[in-house]
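K.L.:
Can you read through this structure? Questions will come right after.
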Amino acid sequence: MRALQFTTYGGPEVLEWAEAPEPHAGPGRIRIAVRAASVNPIDWKTLSGAGSRGEPMTGTGYLGFDAAGVVDEVGDGVSDVAVGDEVLGRGQHTQAEYAVLSSWAAKPPSVDWAVAAAAGVAGETAERGLRLLGVQEGETLFVDGGSGGVGAAVVQMALARGISVVASSSEANHDYLRELGATPVLYGEGVASRVRDAAAGPVDAVFDVAGKTPVEELVALAPEPSRVVSIANFTAGEAGVRVTGGGADSRPMEALAEVAGLLADNRLVLEVQTFPFDRAAEAYRLSQGGHVRGKLVLVP
Ligand SMILES: NC(=O)c1ccc[n+]([C@@H]2O[C@H](COP(=O)([O-])OP(=O)(O)OC[C@H]3O[C@@H](n4cnc5c(N)ncnc54)[C@H](OP(=O)(O)O)[C@@H]3O)[C@@H](O)[C@H]2O)c1
């Protein structure tokens with residue numbers, strides 16, 4: 001099979017779409033024939049060697065953390081899916097012709113492969129952050145960075161729970177945020193006062209998706225620091241903010257079931273731009289630029 005891969009840390013120019021060993025589904029896992037796999041910022045962060053503490057690479061690196069496809073191997077202990085089922089989910093090394101998933105949900109038949117693939121990381125992250133915030137129906141949430149992959153999922157999943165949403169983006173994405181059902185504000189200096197003006201009443205919780213606004217400003221918007229969650233500012237914990245990177249905070253199967261249900265009902269609509277796998281470098285460059293609306297997805 002072919003997989004996106006790299007043998008030296010670097011930028012999108014070091015990516016290769018080339019032959020690779022086939023993975024197999026171990027216990028509690030499934031393997032899919034990949035129909036689409038999304039690009040997330042973690043992909044180019046991994047490619048750059050950001051997590052390697054300066055150590056050189058040993059062996060070949062593979063990329064991709066979510067995908068959608070057709071089940072073709074079922075590991076021991078898995079009973080909720082069978083070979084031939086169409087699923088979306090999360091895993092590792094998903095930007096390949098075959099990939100192993102560690103969590104999944106049935107793909108709603110009405111949902112495109114690319115949209116289904118886009119929902120894994122973004123949807124699970126959105127569900128996790130909203131649950132950690134404990135934000136309830138009738139409350140007001142500020143989403144800092146509402147127009148990207150995770151942000152658009154947070155906005156729509158919050159609205160589906162009856163939460164009012166104020167969200168930040170560049171001016172160019174304000175109509176998009178309005179279409180999703182949020183009240184848009186411009187990000188950058190002075191964002192907190194724009195949020196106070198835009199919210200009909202107090203802000204009850206803040207979901208920091210972008211990690212760009214000084215955390216003190218976000219904390220000042222919320223009733224208390226614990227009602228701020230960040231997925232992108234890993235020093236925000238010093239201000240009492242809940243920082244989450246997944247791990248023990250995740251309930252991926254529950255999250256993906258919720259995401260699939262919302263996709264089926266058109267209450268979660270993900271805008272996607274697709275690229276063939278052999279043009280992955282273009283998608284990575286766009287993602288690195290930091291101004292993608294919705295999601296970038298690779299397809300065979
Ligand atoms: N901790 C976790 O578990 C976890 C999980 C997933 C993602 N992440 C991290 O979360 C971040 C967002 O991920 P993503 O997939 O949503 O990325 P993305 O799709 O690339 O997000 C792009 C969006 O960010 C917006 N943006 C750029 N500068 C901004 C600013 N100063 N303030 C607010 N928004 C701004 C852009 O809006 P405009 O186009 O309007 O400028 C664009 O729509 C990344 O750092 C990613 O690594 C963490």
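The values are calculated or read from the model by the stated rules, or taken from the named source; none is laboratory data. From a predicted model like this one, the values you see are computed outputs, not experimental measurements. Neighbour counts run over all protein chains shown; Cβ positions are idealised from the backbone, glycine included.
K.L.:
Which of the residues belonging to region 125-136 are in contact with a strand residue (DSSP E or B) (Cβ under 6 Å, 6 or more places away or on another chain) and within 15 Å of the ligand (Cβ to nearest atom)?
P.N.:
Hits for region 125-136 are GLY129, LEU132, LEU133.
One line per residue, one yes/no per condition, for (1) part of a strand (DSSP E or B); (2) basic (Lys, Arg); (3) buried (at least 24 other Cβ atoms within 10 Å of the Cβ):
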{"residue": "LEU88", "(1), (2), (3)": "yes, no, yes"}
{"residue": "ALA105", "(1), (2), (3)": "yes, no, yes"}
{"residue": "PRO108", "(1), (2), (3)": "no, no, no"}
{"residue": "ALA116", "(1), (2), (3)": "no, no, yes"}
{"residue": "VAL121", "(1), (2), (3)": "no, no, yes"}
{"residue": "PHE142", "(1), (2), (3)": "yes, no, yes"}
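K.L.:
Still on this structure, I have one more. Among the candidates TYR98, TYR187, which residue alone is farther than 30 Å from ALA20 by Cβ and in contact (Cβ under 8 Å) with a residue 24 or more places away in the chain?
P.N.:
TYR187
K.L.:
I've got another one for you. So how many residues does region 169-183 have that are in contact with a Gly (Cβ under 6 Å, 6 or more places away or on another chain) and within 8 Å of the ligand (Cβ to nearest atom)?
P.N.:
Number of matching residues: 1.
K.L.:
Name the residues in region 267-277 that are surrounded by 15 or more Cβ atoms within 10 Å (Cβ to Cβ), closer than 25 Å to LYS45 by Cα and away from the ligand (no atom under 13 Å from the Cβ), would you?
P.N.:
THR274, PHE275, PHE277
K.L.:
Further question: From PRO184, PRO214, PRO225, which residue is in the same structural domain as SER147 (by TED's automatic domain parsing), surrounded by fewer than 15 Cβ atoms within 10 Å (Cβ to Cβ) and at pLDDT 95 or above?
P.N.:
PRO214
K.L.:
Same structure again: Are any residues in region 43-84 assigned to a loop (DSSP other than H, G, I, E, B), acidic (Asp, Glu) and buried (at least 17 other Cβ atoms within 10 Å of the Cβ), and if so, which ones?
P.N.:
none
K.L.:
Could you pull out the residue among ALA114, ALA122 that is farther than 20 Å from GLY245 by Cβ and within 16 Å of the ligand (Cβ to nearest atom)?
P.N.:
ALA114
K.L.:
Looking at GLY61, GLY69, GLY75 in this structure, which one is within 20 Å of LEU270 (Cβ to Cβ), in contact with a strand residue (DSSP E or B) (Cβ under 7 Å, 6 or more places away or on another chain) and away from the ligand (no atom under 16 Å from the Cβ)?
P.N.:
GLY69
K.L.:
A further question on this structure: Can you tell me which of VAL229, VAL195, VAL206 is more than 14 Å from LEU132 (Cα to Cα), in contact (Cβ under 8 Å) with a residue 40 or more places away in the chain and touching a Leu at 6+ places or on another chain (Cβ under 7 Å)?
P.N.:
Step by step, each of VAL229, VAL195, VAL206 is checked, and only VAL195 is more than 14 Å from LEU132 (Cα to Cα), in contact (Cβ under 8 Å) with a residue 40 or more places away in the chain and touching a Leu at 6+ places or on another chain (Cβ under 7 Å).
K.L.:
For residues that are more than 15 Å from the chain's Cα centre (by Cα) and of a type in the set (Val, Ile, Thr), tally how many sit in region 270-300.
P.N.:
2
K.L.:
Let me ask something else about it. Need pairs with beta-carbon distance below 9 Å; first residue assigned by TED's automatic domain parsing to the domain that holds ARG90 and within region 46-66, second assigned to a loop (DSSP other than H, G, I, E, B) and surrounded by fewer than 10 Cβ atoms within 10 Å (Cβ to Cβ); sequence gap 6+ or separate chains.
P.N.:
GLY49/GLU55; GLY49/PRO56
K.L.:
Still on this model: When the residues of region 187-218 are filtered to those that are farther than 19 Å from GLY148 by Cα and acidic (Asp, Glu), which remaining residue is farthest from the ligand (Cβ to nearest atom)?
P.N.:
Ranking the qualifying residues of region 187-218, first place goes to ASP204.
K.L.:
While we're looking at this one, here's another question. Can you tell me which of VAL155, VAL165 is surrounded by 24 or more Cβ atoms within 10 Å (Cβ to Cβ), modelled with pLDDT of 95 or more and more than 13 Å from the ligand (Cβ to nearest atom)?
P.N.:
None of the other options fit; the residue is VAL165.
K.L.:
Now, a different point. Does SER147 satisfy the condition of being under 18 Å from the mean Cα position of the chain (by Cα) and assigned to a loop (DSSP other than H, G, I, E, B)?
P.N.:
It is true that SER147 is under 18 Å from the mean Cα position of the chain (by Cα) and assigned to a loop (DSSP other than H, G, I, E, B).
K.L.:
If we keep just the residues of region 278-294 that are over 16 Å from GLU179 (Cβ atoms) and surrounded by 21 or more Cβ atoms within 10 Å (Cβ to Cβ), which is farthest from the ligand (Cβ to nearest atom)?
P.N.:
Filtering region 278-294 for residues that are over 16 Å from GLU179 (Cβ atoms) and surrounded by 21 or more Cβ atoms within 10 Å (Cβ to Cβ), the one farthest from the ligand (Cβ to nearest atom) comes out as ALA280.
K.L.:
Among the candidates ALA264, ALA255, which residue alone is at pLDDT 95 or above and away from the ligand (no atom under 15 Å from the Cβ)?
P.N.:
Result of the check over ALA264, ALA255: ALA264.
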